[in-house]
Amino acid sequence: MADSSSQDEINRIFSIWKRIYKTAIFHNIAMYDLTLKVTVPKSNKVTIARSTVVTKETLIEISDLIIQRINNDDSALIYCALWIMYYTGMRPSEVYALEWKNIDRINKTIFVCQAIGSTKSKKNTIVK
């Protein structure tokens, strides 16, 4: 990514990964945050304007990498969460707080009633 992506895009993707790991730890899917061991690469690409849109091709590329590198049930959860975020615009904290009762398959509607957030006393808890 350092050769083909802007520094801003690299930082945004890393930020998403950090949120995914925090959520995975909250749900006991992961035991620790692997992003703590990552050194974010510096971009070699000179950019003028920031791209605010993730293209479908980029998401397909990322989804394929997730399936290839994570060979367990977590990959399916992350894969589905990415596509829900892409098509609905939901935040990761909202997607990972979804329950089956929030999804109306007949009317093709998702009700966002809660998200994963922090309070003064607790981190990564379900909040209304």
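The values are calculated or read from the model by the stated rules, or taken from the named source; none is laboratory data. Note that this is a predicted model, so its numbers are computed, not measured. Virtual Cβ from ideal backbone geometry, glycine too; neighbours counted across all protein chains shown. Surface areas here come from the heavy atoms of the whole protein model, side chains and all, with no ligands, DNA or RNA. Shrake-Rupley method; radii C 1.70, N 1.55, O 1.52, S 1.80 Å.
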request  = Exactly one condition in (1) touching a Ser or Thr at 6+ places or on another chain (Cβ under 8 Å); (2) free of Cβ contacts under 8 Å to residues at least 24 places away in the same chain is not met by residue 9; state its number.
outcome  = (2)
inquiry  = Contact list please: Cβ distance under 7 Å, first residue in the stretch 21-43 and free of Cβ contacts under 8 Å to residues at least 24 places away in the same chain, second residue open to solvent by less than 80 Å² (accessible area, probe 1.4 Å) and assigned to a loop (DSSP other than H, G, I, E, B), pairs at least six apart or on different chains.
reply    = 21/30; 21/33
query = Going by the structure shown, is residue 126 more than 14 Å from the chain's Cα centre (by Cα), modelled with pLDDT under 90, in a helix (DSSP H, G or I) and surrounded by 10 or more Cβ atoms within 10 Å (Cβ to Cβ)?
reply = no
ask   = Which residues, counting only those in the stretch 1-30, are more than 18 Å from residue 65 (Cβ to Cβ) and either modelled with pLDDT under 85 or touching a Lys or Arg at 6+ places or on another chain (Cβ under 9 Å) (or both)?
value = 6, 7, 8, 22, 26
request  = Determine, yes or no, whether residue 51 is within 14 Å of the chain's Cα centre (by Cα), modelled with pLDDT under 90 and of a type in the set (S, T, N, Q).
outcome  = no
message = Please return the ranges of helices (runs of 4 or more DSSP H) entirely within the stretch 25-114 where 3 or more residues are loosely packed, with under 12 Cβ neighbours inside 10 Å.
response = 56-69
